[in-house]
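Heads up: the structure comes next, in structure tokens.
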Amino acid sequence: MKRLLTIIVLSALLAGSGMARTVADLFGSEPGDIFMLLPRVTRLDMVDYYNSGQAVAARNNMGGESQLLALDSVYLKLQASAVKTVEMRMVASKRDTVIIVIETVETPVPDSRITFWDSQWKPLRDNKLIKRPTLDDFMTRQMPDDLRADLDMAAPFALIELAFDGDQHDTVVARHGLKRFLTQAEWARYSAYFTDQITYRLQGAKLKRVKP
């Protein structure tokens, strides 16, 4: 009952203020679109345990385990399941708090989805917040047309992993999964045309690619 009252009060405060105090508040208030396996009560318990120095895994709705791996005032990393991690970074903007969420699934090659939300967990149009990376962004020089056609056949969909980096979690590193997806012989045909990773840096609530 006490925990339920805490959730109700927290939700009311966030709704009234339009601004979240910490990323833990946002973790607790998320309506279940991202953390569908973790009820709010469980999430708040996880934060309490983490803040008390206890790395305790919580049972999720699928019968597996979820665990907080990192938590500070603006950043959170959660091992949501055996094959999925979620990162959250909150950014203060002029009008509201922006929440950047990266969900990564092991396919088994890591593949990520990045989304942007306001403090009420309403999705934001992100076409002005990031130019999502494609395989072409990792190319250091133009690949011959016939070789590119072969690559499109060998890897018909892009597997790109995104992860926050830096002491302030103010950069996002993107890595393609070709080396792990393709056989060693296949990758050897294409490797000379690719860099392993590209980097984005936070500028306000936007992620801008860092030029090499």
With respect to the numbered conditions (1) more than 18 Å from ILE130 (Cβ to Cβ); (2) outside any loop (DSSP other than H, G, I, E, B), which one is the sole condition not fulfilled by VAL172?
(1)
Residue, farthest from the chain's Cα centre (by Cα), within segment 31-45, restricted to residues that are surrounded by 20 or more Cβ atoms within 10 Å (Cβ to Cβ) and assigned to a loop (DSSP other than H, G, I, E, B)
LEU38
Scan (1) touching a residue at least 24 places away in the same chain (Cβ under 8 Å); (2) crowded, with 18+ Cβ neighbours inside 10 Å; (3) of a type outside the set (D, E, K, R) for the single condition TRP117 breaks and write down its number.
(1)
Taking the stated definitions as given, is PRO133 under 17 Å from PHE164 (Cβ atoms), part of a loop (DSSP other than H, G, I, E, B) and not aromatic (Phe, Trp, Tyr)?
yes
Exactly one of THR104, THR97 is within 16 Å of the chain's Cα centre (by Cα) and surrounded by 12 or more Cβ atoms within 10 Å (Cβ to Cβ), and that one is THR104
Condition set in a loop (DSSP other than H, G, I, E, B) and either within 30 Å of the chain's Cα centre (by Cα) or in contact (Cβ under 8 Å) with a residue 24 or more places away in the chain (or both), scope segment 143-158, selection farthest from LYS179 (Cα to Cα): answer is MET143
Any chance you could count how many residues in segment 145-164 are closer than 30 Å to MET88 by Cα and surrounded by 15 or more Cβ atoms within 10 Å (Cβ to Cβ)?
8
What are the pairs with Cβ atoms under 8 angstrom where one residue, in segment 190-204, is within 29 Å of ASP146 (Cα to Cα) and the other, located anywhere, is among the hydroxyl-bearing types (Ser, Thr, Tyr) and surrounded by fewer than 15 Cβ atoms within 10 Å (Cβ to Cβ)? Sequence gap at least six, or different chains.
TYR193/THR140; PHE194/THR140; THR195/THR140
Residues located in segment 164-212, provided they are more than 23 Å from GLU103 (Cα to Cα) and of a type in the set (D, E, K, R):
GLU186, ARG189, LYS211
Looking only at segment 12-30, filter to residues that are outside any helix (DSSP H, G or I) and among the aliphatic types (A, V, I, L, M); which one of those is modelled with the lowest pLDDT?
MET19
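The values are calculated or read from the model by the stated rules, or taken from the named source; none is laboratory data. It should be emphasised that the depicted structure is a prediction, and the values quoted were computed from it without experimental measurement. Every residue, glycine as well, gets a Cβ built from its backbone with ideal geometry; the counts of neighbours run over all protein chains shown.
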